[in-house]
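Encoded as structure tokens, the structure appears first; notes follow it.
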Amino acid sequence: MPTENSLTSFSGASKYVLDEELAKIVNISMALEMPLLLKGEPGTGKTMLAHAIAETLQMELIVLNVKSSMKLVDALYQYDALTRLNDSRFGDSRRDVSNIEDYIQMGKIGKSFVSEERTVLLLDEIDKADTDFQDDMLDVLDQMEFDIIEIDKIVSAKHRPVIIITSNAKKDLSDPFLGRCNFHHIAFPEPDMMRRIIRTHFSDIGKDLLDSAVKTFYRLREVGGIEKRPATRELINWIRALRVDPDFRIKNLIKGNIPYLGILFKKSPDYLVAQNNIARLRI
Amino acid sequence: MFVDFFYTLKNVGIQVSPTSFLRLQQALCMGLINSVNDFYTAARSILVKSEKYFDFYDQVFAYHFEGVEITEPDAFELSEVARCLLDEWLKEPQELARFLGLNEADLARLNPDELLDYFLERLKEQTEAHHGGNKWIGTGGTSPVGHSGYHPGGMRVGGVSRNKSAVKVALDRRYRDYSQQGRLTQSQMGEALKRLRNMVPVGPKNQVNINETIYQTMKNAGEIEIVFDRSLKNRLKVILAVDNGGWSMDPYIEMVQTLFNYSRAQFKEIRTFFFHNTIYDNLWEDPQRLYRPYAVNDLVRFDPETRFIIVGDASMAPFEIMATDGSIHIEERSGIPSYERLQFITKTFPYSIWLNPKLVDEWPYTRTINIVREVLPMFELTLDGLEMAVTHMMQ
């Protein structure tokens, strides 16, 4: 097993707090060489996990941001026929016009296959693409090879990349797709976990500020009628704002006087709802 | 190893596949799993593919490895179980009458809801009193209603529900979520729905039109002239409203199920609502039609280009459609007859249609079908009907 030595090595990165459960799942998926499908609310660190794995295991991270219009072949390779046509007319480039391979560029998945080192391949927001794309892609990832039709060359993976797939659960994924992945649902972090996360971002943060900010944050998340509830990212930015504001006093938070709501609530109806509810919040 | 565990998972309704079970074995063999905790997380991530099932998984796991009892269905589940059982039983009215201690004439007089209540009461009595071996409802020898306490198939009615574990029946909750389950049998329907895709050119001009490029290049005497087109983008939005209430729709549920399964992946945006018989003030986002109402008046917020597709048999009492308070549900009293609601929908969405699982030949015999057809173009839920519906909506 080429992966044997990396089995236990993933245990969280400098800016990422990993819970034990997830660490196990990541390690098992890596050992079984299965893609890991992560679902969860926005802001629970699905994407960050891939970054953290890449950082810890010192592998290159290749990110494929899936778009709804994307075709599978875009993710594998591109044949730049236009440049070739242009070159053949003007002949002023160093590329060999008769060699089609010079005009093939690898896409994200292709790159992770031909890379000399083992890489982490992140397929972000897979649910945006249509079902055919998902199934076809899993075929490629299963076989670890694909065919470049233009030159009839089969590209097979030198190293099986560590594959992390994220989904915001907008659409249900198909059964065959799910069958080929390991699955984990990242729940929104508990306040204790959140404190640890904040501490990794602000190592010098005072206990008072940390406690009251986290407390306020969870109160605000409970406000009813909010469309997009603030997530970890918002909290971190908010704390950053609180820390740079020279006029900010922790007492204000305790009194229920919450500045910079706009950092936490990004939709105007949400903002208004939150503002109306603050008066009733007693922290 | 853990074969029982696997089957218990399967029995409670989690979709587990043999392949994933083998994979779990592989993980075990590789020495990746060294404790019960490891096993818990590993088995869950390998076997269970949706957070919807995490709760069931926990229950089964606790039952299997800690000896905790799997909880009995609560009141809501009970009523759903009862409903399912009743469905089955109604196929044999004499039996049912005998069980409930009624004669058949009395039985015929009860409407489904009354019958359900009556049945449920018997069932509750039964659940409570059963431990002593006192049989309320029974067929020779088997104890049809009773819970064995620890078994996931807690309540079952022997001989009638055909050995289907009752918790599973409860999980089935008939219409719970059409889109997830259901076999993909009527593949042609998917084909037909594909034609619903409305390709409209929008977006940037970034696609080479090869034919035009060749033509223009030739015209330019070989000077390359590249012609770009706008790329195509699928913009079709669809609202599906499905009649999932009442006994008259039951035979068509599977067909509707297939329709749902396909439609999900086909469109840019698809919203699903539920209703019973016809549309009044509210549509419902949850199949039980209990928790998440959506006011019909709010439909104006949707893009008027949205295709509004109603699926239902449109068979009901005429007053349900014409009377100002026609709904058979007491709580829906708005003063606006369903007829006007349907008109409102057609006004809001010029592309509205009604798909009827009943075949065209049967339509003339149902008055309400004719009434609905005055408002909405109606098509039958067959391949041909869908074709016609699609052509109509693309006009």
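Any read-out appearing in this document is the output of simple, stated calculations on the displayed coordinates, not a laboratory observation. Quick caveat: nothing in here was measured; it's all calculated off a predicted structure. Glycine gets a Cβ as well: all are built from the backbone with ideal geometry, and neighbour counts include every protein chain shown.
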Quiz item: Which of the pairs A:LYS215/A:LYS267; A:LYS207/A:LYS251; A:LYS67/A:LYS228; B:LYS10/B:LYS52 have their Cα atoms more than 18 Å apart in this structure?
Solution: A:LYS215/A:LYS267; A:LYS67/A:LYS228
Quiz item: Which residue, A:ARG180, A:ARG243, A:ARG160, tops the fluctuation ranking in a GNM of chain A built on C-alpha contacts under 10 Å?
Solution: A:ARG243
Self-check item: DSSP bridge orientation in chain A - percent antiparallel, rounded to nearest 5
Solution: 25
Self-check item: Distant-in-sequence amide H partners of B:ASN282 (H built 1.01 Å from N, under 5 Å)
Solution: B:VAL296
Quiz prompt | Cα→Cβ-extended label distance, 7 Å offset, between B:ALA323 and B:LYS219, nm | solution = 6.9
Quiz item: Hey, quick one: spin label on A:ARG219, modelled 7 Å out along Cα-Cβ, who in the range A:243-259 has an amide N within reach, i.e. under 16 Å?
Solution: A:249-259
Exercise. Scan around A:GLU60 for amide H atoms under 5 Å from its own, H built in the peptide plane at 1.01 Å from N, and keep only partners 5 or more places away or cross-chain.
Key: A:VAL120
Quiz item: Ranked by Cβ crowding within 10 angstrom, fewest neighbours first, how are B:ILE353, B:ILE371 ordered?
Solution: B:ILE371, B:ILE353
Quiz item: Relative contact order for the range A:191-278 using alpha-carbon pairs under 8 Å, separation at least 6, rounded to a whole percent?
Solution: 33
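List the trypsin sites (Lys or Arg not before Pro) within the range B:345-395 that fall in a DSSP loop (any state other than H, G, I, E or B) and whose Cβ has at most 10 other Cβ atoms within 10 Å.
Numbers: sites: B:LYS347, B:LYS358, B:ARG367, B:ARG373; in loops: B:LYS358.
Counting only loop positions with at most 10 other Cβ atoms within 10 Å, none of the trypsin sites (Lys or Arg not before Pro) in the range B:345-395 qualifies.
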Quiz item: Averaged over all directions, how much area does the convex hull of the C-alpha atoms of the range A:120-203 cover when projected, in nm²?
Solution: 8.3
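Relative to the Cα centre, what is the charge dipole magnitude of the range A:152-280, using +1 at the beta carbon of each Lys and Arg, -1 at the beta carbon of each Asp and Glu, and rounding to the nearest 20 debye? Show your work: numbers first, answer last.
Details: 24 positive and 14 negative charges, 30 e Å.
Computed charge dipole of the range A:152-280: roughly 140 debye.
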Quiz item: Most fluctuating residue of A:ARG95, A:ARG195, A:ARG221 in a GNM of chain A with Cα springs under 10 Å: which is it?
Solution: A:ARG95
Practice problem: Please list the non-local residues whose amide H lies under 5 Å from the amide H of B:VAL208, H modeled 1.01 Å from N, same-chain partners needing a gap of 5 or more. | Solution: B:ASP229
